[in-house]
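Have a look at the structure below before the remarks.
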Amino acid sequence: MAVTTPCINATEKKHWWLTNRKIVEKYMRDARSLIATQEQSEIGSALNLLDAALAIYPRLDEALELRARCLLYLRRFKDVADMLQDYIPSLRMANNDDSGSSVSSDSSLSREGVKLLPSSDSDQSFKCFSVSDLKKKVMAGLCKTCNNEGYWRYLVLGKACCHLGLMEDAMVLLQTGKRLATAAFRRESVCWSDDSFSLSNPLFSGDTPTTPPPESEAVTQLLAHIKLLLRRRAAALAAIDAGLHSEAIRHFSKILEGRRGAPQGFLAECYMHRASANRSAGRIADSIADCNRTLALDPTSIQALETRASLFESIRCFPDSLHDLEHLKLLYNTILRDRKLAGPTWKQLRHHNNLRYREIPGKLCALTVKTQELKQRIASGDTGNVDYYSLIGLRRGCGRSELQRAHLLLCLKHKPDKATCFVERCELADERDLDSVKERAKMSALLLYRLLQKGYTNVMGTIMDEEAAEKQRKKVLEAQVLMSNENLEDKKCNVSSPSTANPSVYQGVFCRDIAVVGNLLSQSGFNRSIPVKYEALSC
């Protein structure tokens, strides 16, 4: 019995391996046929078959590739990133920095390839390989796993990272995948004869995946678009560093209002940067609107909540500032409860790159003190002294025409009916989030619009009161001038008339001329000629 037992076990293992290999091959054939239909429901069924195949052979590279491409087709970009997160460059750099170890790129890539697949030391499953297949690969020097180097991982993950807003990672991954695919194709083409390039060759018929992927042109176009967006963002950030806030706003507006859409995470980041530029330029309402759009796209954006709360506090709108600080406090408590930053690891690198977990307790204590201070100010009644001039962007003492022009421009920009238009240029990571994004954007825009209307009414009332006071001052001044003129005329009359004469005698032109004639006669006598104005005597 001791001699026959190993033979029985080996036979059973061989039978198990052959049986499962046939099952996996059937799953793969059925999955390919379903994927070829290009229908979403069929691809979902193919994904289930691939999961079943990977449950049997977790290290089957072909099944992994088909599964990743199915997830990409179904727009489940987060699942793709979770599946291949060890290949994300920024995540690898962060892990290397944390560990403090310096290893070569080849060894790190090989380590990441192992991390992709579930492995355990207690795995004692039977492993077998085809000697004939191995001989062919060694003789040709074209081992598929070595030549291709899993380039599909870089291409698929690059597209997923682009849709998730990780633009730098997407650019590196797509360039790497494109380079590896081209190198693999070049190495394989060296071994082909001249006749191998005919159209009848199965390499060009689509039976084998050794040719460059047909998505190479799409990858090239996607890379060009990513580089354009990154160049514009770099120019905008450089303008912010130089203090050219209007120039930075113009560059960010080109990204946010472009004809071609951009990923959700990337747009949220650009809206946050433009909010900072608008704040530095004194455009409080525009900055609040950009913070609203950032929070509509990413409700867990700590920077957006902090900025909007600070903006509301700067214009003395304390209830709204307190609301944002309470929301921020909930986020901090959630982070402490879960003992990690919000979201998956690849999302933390993008949205919380300036925040560390060990900093959360100190920030939470300072936030608690701030909320208590705002509550005391609100309880004391300091809620009606809102600085609407700063909100609208006007100087104190402005005129009616300036207010109406500024209000009209702000209403055209921040009208609630147009609050969801930016979503049309946004490529959401999950289409199921569309309704929630629109709802958040509409509600925040409505609150801002009501605040602007209240500010317009308040400032217009102040201007009308100033105009009424100015009119009253003008009336009082005119009355004073009129009274002073009357008094001056009375004084002139009293000085020009003799004290002994009756003032009623010197009324009219004729009487005045007669008085002049009598005066001349008394001075010169009667033997002298007297000049006479006939116009005076003609009356």
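For region 236-297, the residue among GLY261, TYR271, ILE240 whose Cα projects farthest onto the positive side of the dipole built from Cβ charges is GLY261. Computed from point charges on the beta carbon alone (+1 for Lys and Arg, -1 for Asp and Glu), the dipole magnitude for region 27-68 about its Cα centre is near 100 Debye.
Taken one residue at a time, the phi angles of region 176-187 give Karplus couplings (6.51, -1.76, 1.60, θ = phi - 60°) of 5, x, 5, 5, 5, 5, 5, 5, 5, 5, 5, 5 Hz. Gly and Pro are set to x.
Applied to region 282-291, the Karplus parametrisation 6.51 cos²θ - 1.76 cosθ + 1.60 on θ = phi - 60° returns per-residue 3J(HN,Hα) values of x, 9, 5, 5, 5, 5, 5, 5, 5, 5 Hz, with x for Gly and Pro. For GLU427, nonlocal amide neighbours, meaning residues 5 or more places apart or on other chains whose placed amide H falls under 5 Å from its own, are ALA262, GLN264. Computed from phi, the 3J(HN,Hα) profile of region 403-420 under the Karplus parametrisation 6.51, -1.76, 1.60 (θ = phi - 60°) reads 5, 5, 5, 5, 5, 5, 5, 5, 5, 5, 6, 10, 5, x, 5, 9, 5, 9 Hz, with x in place of Gly and Pro. Residue ranking by accessible heavy-atom surface, 1.4 Å probe, largest first, among GLU269, GLU470 comes out as GLU470, GLU269. Ligands, DNA and RNA excluded, the heavy atoms of SER436 present near 40 Å² of accessible surface to a 1.4 Å solvent probe. For region 233-369, with all protein chains in place and a probe radius of 1.4 Å, 52% of the accessible heavy-atom surface sits on carbon or sulfur.
The values are calculated or read from the model by the stated rules, or taken from the named source; none is laboratory data. All values reported here derive from a predicted model rather than from experimental measurement. Using ideal geometry, Cβ is built from the backbone for each residue, glycine included, and neighbour counts are taken over all protein chains shown. Just so you know, the surface numbers come from the protein's heavy atoms only, side chains and all, with ligands and any DNA or RNA stripped out. Shrake-Rupley method; radii C 1.70, N 1.55, O 1.52, S 1.80 Å.
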